[in-house]
Amino acid sequence: MKELAVVAEDRGVGLALAEDYFTAAVILPLVRTEDGMSLLFEVRASTLRRQPNEICFPGGKVECGEDALGAALREGAEEIGWRKDKMTLVGALDYVITPSRARIYPFVVTVADWEKMHLSEGEVAEVFTVPVRFFLENEPNECEMELATRAGKGFPLDKIPFASETYRTKRAYRVRWYEYGGRVIWGLTANILLAFVRAVKEGRVELPE
């Protein structure tokens with residue numbers, strides 16, 4: 001198995017049919033507050049079509065000709081109003097694949113003068129911070145959500161065994177969430193948080209002193 005892994009690495013294995021996935025990048029902004037080193041989150045505007053009012057990290061789609069880190073820093077600048085030269089990379093986390101076929105690249109960054117913000121009107125309703133120690137000391141809550149499928153227009157129902165015109169449960173997947181200060185941080189953001197916590201505890205990401 002180890003030999004196979006080496007061969008795969010040598011030939012530059014990537015994600016097959018990558019065009020079928022939505023690729024995005026986010027930053028996990030580390031900022032200094034009265035509570036110590038903290039993570040900054042944004043609350044999406046209520047007028048957005050996708051996931052209004054939800055809590056997330058600054059981020060967005062990786063555009064053509066752009067690398068993931070560049071996209072993450074650009075989004076931080078556009079959504080929060082931070083200057084790119086005020087954001088310093090601490091480390092990269094493993095990318096995350098969502099049940100909806102999105103590939104997300106998370107990057108941990110420190111932000112100097114982070115209070116100097118200009119939130120993107122129409123995208124970000126507000127921001128808030130949570131001490132990093134809260135996530136290091138508390139495991140997320142967990143439950144399950146079911147993913148269902150239904151044949152779309154043009155699907156050859158008469159040729160594919162067991163296909164159905166109605167929704168069918170495909171599988172269940174794990175959903176995580178944290179509660180802090182009356183807010184619920186859940187789903188993809190909670191998964192990225194857990195990956196961050198594990199990276200810190202395993203020494204793969206070193207927190208600034």
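Considering only the range 28-35, I want to know if a residue exists there that is part of a strand (DSSP E or B), in contact (Cβ under 8 Å) with a residue 24 or more places away in the chain and farther than 25 Å from ARG204 by Cβ. So far as the range 28-35 goes, no, none of its residues is part of a strand (DSSP E or B), in contact (Cβ under 8 Å) with a residue 24 or more places away in the chain and farther than 25 Å from ARG204 by Cβ. Any residue at all in the range 77-88 that is free of Cβ contacts under 8 Å to residues at least 60 places away in the same chain, over 26 Å from TRP177 (Cβ atoms) and aliphatic (A, V, I, L, M)? Yes, the conditions are met somewhere in the range 77-88.
Keeping to the range 106-127, report how many residues are of a type in the set (Phe, Trp, Tyr) and within 12 Å of PRO58 (Cα to Cα). Steps first, answer last, please.
To start, the set of residues in the range 106-127 that are of a type in the set (Phe, Trp, Tyr) comprises 107, 114.
Subsequent filtering for residues that are within 12 Å of PRO58 (Cα to Cα) retains 107.
So the answer is 1.
Summed over the range 93-105, the residues that are over 18 Å from ALA18 (Cβ atoms) and either among the small types (Gly, Ala, Ser) or loosely packed, with under 15 Cβ neighbours inside 10 Å (or both) give a count of 0.
Looking only at the range 68-83, decide whether some residue is touching a strand residue (DSSP E or B) at 6+ places or on another chain (Cβ under 8 Å), modelled with pLDDT under 85 and in a helix (DSSP H, G or I). No, the range 68-83 has no match at all. Here GLY182 passes the criteria (1) more than 17 Å from the chain's Cα centre (by Cα); (2) on the phi < 0 side of the Ramachandran plot except the one numbered (2).
Looking only at residues in the range 22-55 that are hydroxyl-bearing (Ser, Thr, Tyr) and surrounded by fewer than 16 Cβ atoms within 10 Å (Cβ to Cβ), which one is modelled with the highest pLDDT? Outline the logic, then answer.
We begin by selecting, within the range 22-55, every residue hydroxyl-bearing (Ser, Thr, Tyr); these are 23, 33, 38, 46-47.
Filter once more, so that each one left must be surrounded by fewer than 16 Cβ atoms within 10 Å (Cβ to Cβ): 33, 46-47.
Details: THR33: 96, SER46: 83, THR47: 85.
Per the criteria, the residue is THR33.
Looking only at the range 147-190, residues that are within 30 Å of VAL130 (Cβ to Cβ) and either in contact with a Ser or Thr (Cβ under 8 Å, 6 or more places away or on another chain) or small (Gly, Ala, Ser) (or both) come to 7 in all. Among strands (runs of 3 or more DSSP E) entirely within the range 85-191, having at least 1 residues that are modelled with pLDDT under 90 singles out 102-111, 141-149, 168-180. Could you tell me which residue of the range 152-189 is farthest from ARG103 (Cα to Cα), considering only residues that are of a type in the set (Gly, Ala, Ser) and touching a strand residue (DSSP E or B) at 6+ places or on another chain (Cβ under 7 Å)? My answer is ALA172. Within the range 192-204, the set of residues being in a loop (DSSP other than H, G, I, E, B) and either surrounded by 12 or more Cβ atoms within 10 Å (Cβ to Cβ) or not small (Gly, Ala, Ser) (or both) comprises GLU202, ARG204. Tell me, please, whether a residue that is within 17 Å of the chain's Cα centre (by Cα), in contact (Cβ under 8 Å) with a residue 12 or more places away in the chain, surrounded by fewer than 19 Cβ atoms within 10 Å (Cβ to Cβ) and closer than 16 Å to ILE192 by Cα can be found in the range 57-75. The answer is yes, given that some residue of the range 57-75 is within 17 Å of the chain's Cα centre (by Cα), in contact (Cβ under 8 Å) with a residue 12 or more places away in the chain, surrounded by fewer than 19 Cβ atoms within 10 Å (Cβ to Cβ) and closer than 16 Å to ILE192 by Cα.
The values are calculated or read from the model by the stated rules, or taken from the named source; none is laboratory data. Predicted model, so just to flag it, every value in this text is computed and none were measured. Because the Cβ atoms are built from the backbone with ideal geometry, glycine has one as well, and the counts that use them run over all protein chains shown.
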